[in-house]
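Here's the structure, in structure tokens; my notes come after.
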Amino acid sequence: MIVGNDPQKALDLIFGEGIITFDVPMATALKGTLDLGGGYVLDLNGTILGEPSAAPPVLRISGIGRPGTPTAGWDYEYVGYLAWTWPNGTAQVPAIVGTVVRAKPHDHDQAKAGFVASFIATKQQ
């Protein structure tokens, strides 16, 4: 889709936004949260795949909603890649790019399983 000068087309591309916080307790694992605001939080657990000296690592992450909150019953699967770091680049912000799939339906089946969206996560400076 070409957005052109239509700001609504740009906004329509956004599936969701939030703040991801990661802890990497070991070289091949991560834990964290995706806070979408307003009490909408997913708990994240994942693995980091790949050799550090080879291509950028692959992140496989499960995002599970919290019982007793608006995200209860939510289940999303993420696969992301660390964006390439250009050796001669300037002002590059570390980023993870990938896709997310809704693994289970939620909200009384209004949010169907199988929906896929692209995502970009950038490091806050």
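The values are calculated or read from the model by the stated rules, or taken from the named source; none is laboratory data. Predicted model, so just to flag it, every value in this text is computed and none were measured. Counting neighbours? That spans all protein chains shown, and the Cβs are built from the backbone with ideal geometry, glycine included.
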For segment 8-23, the count of residues that are surrounded by 10 or more Cβ atoms within 10 Å (Cβ to Cβ) and of a type in the set (S, T, N, Q) equals 1
Filtering strands (runs of 3 or more DSSP E) wholly in segment 40-125 for at least 2 residues that are among the aliphatic types (A, V, I, L, M) and touching a Gly at 6+ places or on another chain (Cβ under 6 Å) gives 40-49, 58-65
The correct count of residues that are part of a loop (DSSP other than H, G, I, E, B) and under 18 Å from the mean Cα position of the chain (by Cα) in segment 6-37 is 7
Counting only residues in segment 70-93 that are of a type in the set (A, V, I, L, M) and closer than 18 Å to residue 32 by Cβ, the one modelled with the highest pLDDT is identified as 79
For segment 94-111 the number of residues that are exposed (fewer than 15 other Cβ atoms within 10 Å of the Cβ) and modelled with pLDDT under 95 is 6
In segment 35-58, residues that are at pLDDT 95 or above, crowded, with 16+ Cβ neighbours inside 10 Å and over 22 Å from residue 108 (Cα atoms) total 2
